[in-house]
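Below is one structure, written out as structure tokens; comments come after it.
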Amino acid sequence: MTANHPPGASLTLFALPKAFRGHIETIQRNAIRSWTQLDPAPEILLFGDDAGTTEIAEEFGLRHIPGIGRNEFGTPLVSDLFHQAQSAATHETLCYVNSDIILLADFLPAVERILRFRERFLMVGRRLDLDLAEPLTFDARGWEVSLRRRAVAQGKMNIARSIDYFVFPRKLYPPLPEMALGRFWWDNWLIWKAHNLGAAVVDATEVVLAVHQNHGYAHYAGGRDAMLEGEEARRNCRLGCETDPADFDNGLYWRYFYTIDDASHVLTREGIKPTRRHTWKMVKRTLGNPRSLPRLVRQTLVGSR
């Protein structure tokens, strides 16, 4: 242990890769190799039994948990993934990360700073999209410096609605709804849930460069449109209306799905600072859904009695 890595900074990363084929294999290898380069080395759990996952786990010496709960479409369930990860993790701090995200040396210091700030927290951050078709050479000296320069020069920062990593303490989340992983709404709901539980939601975008390797959506049945608007996405949205299930049919589902702009705090190079962005986002959402305003007013009045 060194002064830069206090005991609480030990981390378990977990992910559920897609089948290792073609370009997806290249970018997932890049991502997973980048996680193994972090210092101190995190525990890494790879879930699922899609083609190549067992072999990658063996090649890199990672823990592999093949069994994962799925819905009738064969899509992995967020609830089972998070439950198993929290049960299997060696460490008290966990991070779910999408398998196309490259993490760099700035990631763990950011986690450490937030661990010192608050016991109950959720760390998220925007990703930088980059076209990357080739395997990275991690054994080459200066690979990270080179990649960082390329990402900054050629990459594009994605919107706050896309969330690709979540860092949180083991006991933050209770059992989760049976949402479909990789379909719309589940990641935005996790931010709402952290808010609902009174955790500090910290946006680490300013200090963490998370590189997302661009890819197509042929691996999804129905492509990108089905991922965003298909039956499983609609079910995720309905399941997210936790306080009042009728909110889905009443057009109030937007109350449960936050973005990174709903963070309560931002991590900067100078420190962790509170932000009022969430308040403004809620005002914007409310005004942007005028048809649901009468229902929202009625609910508020009934709840205040």
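The values are calculated or read from the model by the stated rules, or taken from the named source; none is laboratory data. As the structure is a prediction and not an experimental result, all values here were calculated from the model. Every residue, glycine as well, gets a Cβ built from its backbone with ideal geometry; the counts of neighbours run over all protein chains shown. For the accessible areas, the whole protein counts, side chains as well, though only heavy atoms, and no ligand, DNA or RNA atoms are used. Shrake-Rupley method; radii C 1.70, N 1.55, O 1.52, S 1.80 Å.
Report the antiparallel proportion of the DSSP beta bridges in the chain as a percent, rounded to a multiple of 5. Don't skip to the end; give the middle numbers.
Details: 15 of 36 bridges.
Of those bridges, close to 40 percent are antiparallel.
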Report task. Enumerate the amide H contacts of Phe121 below 5 Å, restricted to partners 5 or more residues apart or on another chain; note that Pro and chain-start residues carry no placed amide H. Result -> Ala200
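Per-residue ellipticity at 222 nm for the chain, helices alone: DSSP H runs ≥ 4 residues times -39500 (n - 2.57), over residue total, nearest 500 deg cm²/dmol?
The helix contribution divided over the chain gives -11000 deg cm²/dmol.
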Query raised in the report: Quick one: longest stretch of the chain between exposed loop GluC sites (Glu not before Pro), exposed meaning at most 16 other C-beta atoms within 10 Å and loop per DSSP?
Result: 1-71
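Given contacts defined as C-alpha pairs under 8 Å and at least six residues apart, what's the relative contact order of segment 1-132, whole-number percent?
Result for segment 1-132 is 35 percent.
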Requested in this report: Could you tell me which label, among (i) 63, 45, 39; (ii) 56, 52, 37; (iii) 50, 40, 39, carries the value of Cα extents along the principal axes in Å calculated for this structure?
Outcome: (i)
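Under the √(5λ) rule applied to the eigenvalues of the Cα gyration tensor, what semi-axes describe the equivalent ellipsoid of segment 109-198? Give them in Å, descending.
Working: eigenvalues 178, 65, 30 Å².
Its equivalent ellipsoid spans semi-axes of 30, 18, 12 Å.
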Requested in this report: Choose one of Gly61, Pro175, Pro135: the residue whose Cα lies farthest towards the positive end of the charge dipole of the chain (beta-carbon charges +1 Lys, Arg; -1 Asp, Glu; about the Cα centre).
Outcome: Pro175
Query raised in the report: Using a 1.4 Å probe, what is the accessible area per residue for the chain, in Å²?
Result: 48
Query - DSSP bridge pairs, segment 5-101: antiparallel proportion in percent, nearest 5 - result: 10
Query raised in the report: Of Leu104, His195, Leu147, which is farthest along the charge dipole of the chain in the positive direction, counting Lys and Arg as +1 and Asp and Glu as -1 at C-beta?
Result: His195
**Report entry** Cα-based Kirkwood hydrodynamic radius, segment 119-272, one decimal, Å
**Finding:** 17.2
Query raised in the report: Too long at a 29 Å Cα-Cα cut-off: which of Lys193/Lys284; Lys18/Lys281; Lys18/Lys284; Lys156/Lys273?
Result: Lys18/Lys281; Lys18/Lys284
Query - Theoretical gain in end-to-end length, Lys273 to Met157 [0.36 nm per residue, Cα-Cα removed] - result: 39.6 nm
Report task. Would you give the gap between the C-alpha center of segment 79-111 and the C-alpha center of segment 167-208, rounded to a whole Å? Result -> 12
Query raised in the report: Does segment 20-114 come out rounded, prolate or oblate, given a ≥ b ≥ c as the square roots of the eigenvalues of its C-alpha gyration tensor, rounded meaning a/c under 1.5 and, failing that, prolate meaning a/b above b/c?
Result: oblate
Query raised in the report: Between Val266 and residues 5 or more places away or on another chain, which pairs have amide H atoms under 5 Å apart, with H built 1.01 Å from N, and which residues are they?
Result: Asp203, Lys273, Thr275
**Report entry** Heavy-atom accessible surface of segment 18-126: percent carbon and sulfur, 1.4 Å
**Finding:** 47
Requested in this report: Before anything else, pin down the relative contact order of the chain: Cα pairs under 8 Å, at least 6 apart, normalised by residue count, whole percent.
Outcome: 19
Query raised in the report: In square nanometres, what is the average projected area of the Cα convex hull of segment 44-172?
Result: 9.8
